[in-house]
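One structure is given here, and the rest of the page talks about it.
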Amino acid sequence: MMENNKQFWIELKNDMIDAAPRFGIDQLKVTTAEPFTELKERLIRHRERGHESGFEEPDLDLRTEPTLHMSDAKSLIAIAVAYPSKMKNAPVSEPGKRRGILSRSAWGEDYHQALRRRIAKLSEWIMERVPDAKLLSMVDTGALSDRAVAERAGIGWSGKNCSIISPELGSWIYLGEIITNMPLPPDQALPDGCGDCTLCIDACPTEALVGPGQLNSQRCISFITQTKGFVDDEMKLKIGNRLYGCDTCQIVCPVNRKIDIRRHPELEPDPEIVKPLLRPLLKLGNREFKEKFGTSSAAWRGRKPIQRNALIGLGNFRDAESVPDIADVLRADPRPELRATAAWALGRIGSEEAIERLQEARSEEKDVDVLSAIDRALDKQQKD
């Protein structure tokens with residue numbers, strides 16, 4: 001039977017906070033299971049503007065009403081786990097050996113696994129003390145909004161860059177939560193700490209941050225690098241050499257500048273995985289891709305986005321030595337999205353060999369979208 005003693009829940013919560021570091025949890029806070037009414041209104045406006053990414057849970061009620069997941073929910077336990085922001089011994093990108101970059105959230109072990117393991121340990125600890133407790137955990141892929149839970153619980157405030165910013169950990173944190181029927185005493189939300197600062201909004205490469213805390217996901221590089229389809233030429237230029245994600249709005253944040261927390265070995269980056277050579281990526285089969293990236297959260301969309309983005313990176317580097325590899329993609333890859341991107345990359349490089357390869361492909365290509373990309377690339381050379 002659930003304990004009715006208020007002091008019991010106060011002491012349990014304090015003990016839980018003390019125990020959290022043993023499970024690899026850097027912050028633990030609690031909030032109520034009340035609905036996130038204001039968030040729902042914001043999400044409705046977000047949808048009406050066409051600013052969703054398409055990766056979100058479509059049911060706004062599920063994202064904002066904890067009791068739809070557990071009818072007798074009383075509390076939400078919010079956790080945060082810090083990840084590194086700097087890479088030791090980062091390899092150098094140089095002509096002929098150009099490299100791409102994965103965002104910091106994809107460094108080390110897939111954070112979904114890292115957080116689920118920690119939450120499982122915390123849940124086991126709770127059940128030993130409250131055997132009749134109900135616990136439902138969520139990490140990123142759950143319907144409930146991790147950021148909304150973390151904000152109301154006081155893990156951090158919601159920054160203008162749409163990240164939760166912890167005063168101690170910055171925004172370099174993974175978030176998760178447990179819905180429970182335990183009536184734990186809630187923590188207080190933190191006041192906004194951004195003040196008049198707009199560095200993140202000013203620095204966004206694609207002006208995806210359309211206002212404080214307002215993100216047009218359709219223009220966000222982080223989301224675009226995870227899509228599988230065609231990317232328009234304007235966005236290709238903005239992507240640069242990013243293979244997965246974008247950290248710009250977090251890098252410029254003054255709170256983040258001096259924060260680099262390295263408490264968890266499994267979250268440390270392998271430089272050759274998170275800053276890989278681009279040319280070898282073009283030849284990776286599914287098995288090789290899983291062997292190289294399978295433990296990273298960047299692998300969730302498969303190899304097509306990574307390979308497409310590698311072509312974009314080589315084009316933006318104007319890496320003439322990579323022309324044969326790019327041309328092989330244009331000539332033989334079965335995926336039109338990659339052939340079209342290869343055509344763009346060759347046009348961007350613009351060397352004599354690149355133009356020859358484009359002209360050769362022009363006479364053999366049948367796909368309308370790829371032919372259009374080849375023609376744009378060749379037209380660019382005539383204009384230049």
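Checking each residue of region 167-175 against the condition of being buried (at least 17 other Cβ atoms within 10 Å of the Cβ), closer than 21 Å to Lys40 by Cα, touching a helix residue (DSSP H, G or I) at 6+ places or on another chain (Cβ under 9 Å) and not assigned by TED's automatic domain parsing to the domain that holds Ala33 gives no match. Looking at region 327-336, can you tell me whether even one residue there is in a helix (DSSP H, G or I), assigned by TED's automatic domain parsing to the domain that holds Glu266 and within 27 Å of Asp247 (Cα to Cα)? No, region 327-336 contains no residue that is in a helix (DSSP H, G or I), assigned by TED's automatic domain parsing to the domain that holds Glu266 and within 27 Å of Asp247 (Cα to Cα).
Residue by residue through region 55-70, note down the ones that are assigned to a helix (DSSP H, G or I) and farther than 22 Å from Ala208 by Cβ. If the condition is that a residue be assigned to a helix (DSSP H, G or I) and farther than 22 Å from Ala208 by Cβ, then Asp61, Leu62, Thr64, Pro66, Thr67, Leu68 are the ones that fit. What do you reckon, is Ile374 under 33 Å from the mean Cα position of the chain (by Cα) and at negative phi? So Ile374 passes the test. In region 120-147, the qualifying residues are those that are of a type in the set (Lys, Arg) and either farther than 24 Å from Ile10 by Cα or part of a loop (DSSP other than H, G, I, E, B) (or both), and the one that is nearest to the chain's Cα centre (by Cα) is Arg147. Given the options Val231, Val255, name the one that is part of a loop (DSSP other than H, G, I, E, B), under 19 Å from Gln307 (Cα atoms) and touching a residue at least 60 places away in the same chain (Cβ under 8 Å). On inspection, the qualifying residue turns out to be Val231. Ala106 meets the conditions (1) modelled with pLDDT of 95 or more; (2) of a type in the set (Gly, Ala, Ser); (3) touching a Lys or Arg at 6+ places or on another chain (Cβ under 9 Å) in every case but one. The failed one is (3). Quick check: is even one residue across region 196-205 under 29 Å from Leu28 (Cβ atoms), at pLDDT below 95 and of a type outside the set (Val, Ile, Thr)? Checked against the condition, which is being under 29 Å from Leu28 (Cβ atoms), at pLDDT below 95 and of a type outside the set (Val, Ile, Thr), region 196-205 yields no hits at all.
Considering region 308-351, the residues that are acidic (Asp, Glu) and either touching a residue at least 40 places away in the same chain (Cβ under 8 Å) or crowded, with 24+ Cβ neighbours inside 10 Å (or both) include one that is nearest to Thr225 (Cα to Cα), namely Glu337.
Yes or no: region 33-41 includes at least one residue that is free of Cβ contacts under 8 Å to residues at least 60 places away in the same chain and among the hydrophobic types (A, V, I, L, M, F, W, C). Checked region 33-41: no residue is free of Cβ contacts under 8 Å to residues at least 60 places away in the same chain and among the hydrophobic types (A, V, I, L, M, F, W, C).
Screening Tyr174 on (1) of a type in the set (Ser, Thr, Tyr); (2) under 30 Å from Ser71 (Cα atoms); (3) part of a loop (DSSP other than H, G, I, E, B) shows it passes everything except condition (3). When we screen Cys200, Cys194, Cys246 for residues that are part of a loop (DSSP other than H, G, I, E, B) and touching a Lys or Arg at 6+ places or on another chain (Cβ under 8 Å), the only hit is Cys194. All conditions but one from (1) crowded, with 18+ Cβ neighbours inside 10 Å; (2) touching a Lys or Arg at 6+ places or on another chain (Cβ under 6 Å); (3) of a type in the set (S, T, N, Q) apply to Ser93; the one that does not is (1). Restricted to region 185-210, and to residues there that are more than 18 Å from Val255 (Cβ to Cβ), in the same structural domain as Val255 (by TED's automatic domain parsing) and touching a residue at least 40 places away in the same chain (Cβ under 8 Å), the residue that is surrounded by the most Cβ atoms within 10 Å (Cβ to Cβ) is Pro205.
Would you check if there is a residue in region 352-371 being in a helix (DSSP H, G or I), at pLDDT 95 or above and within 22 Å of Arg242 (Cα to Cα)? No, every residue in region 352-371 fails to be in a helix (DSSP H, G or I), at pLDDT 95 or above and within 22 Å of Arg242 (Cα to Cα).
Filter region 30-54 down to the residues that are among the hydrophobic types (A, V, I, L, M, F, W, C), part of a loop (DSSP other than H, G, I, E, B) and touching a strand residue (DSSP E or B) at 6+ places or on another chain (Cβ under 9 Å) and list them by number. Residue satisfying the conditions is Ala33 alone.
Considering only region 299-308, how many residues are under 15 Å from the mean Cα position of the chain (by Cα) and assigned to a helix (DSSP H, G or I)? So the answer is 5.
Here region 82-108 is the region considered, the condition is being part of a loop (DSSP other than H, G, I, E, B) and of a type in the set (D, E, K, R), and the residue that is nearest to Asp26 (Cα to Cα) is Lys86.
The values are calculated or read from the model by the stated rules, or taken from the named source; none is laboratory data. Quick caveat: nothing in here was measured; it's all calculated off a predicted structure. All Cβ positions, even for glycine, are placed from backbone atoms using ideal geometry, and neighbour counts span all protein chains on display.
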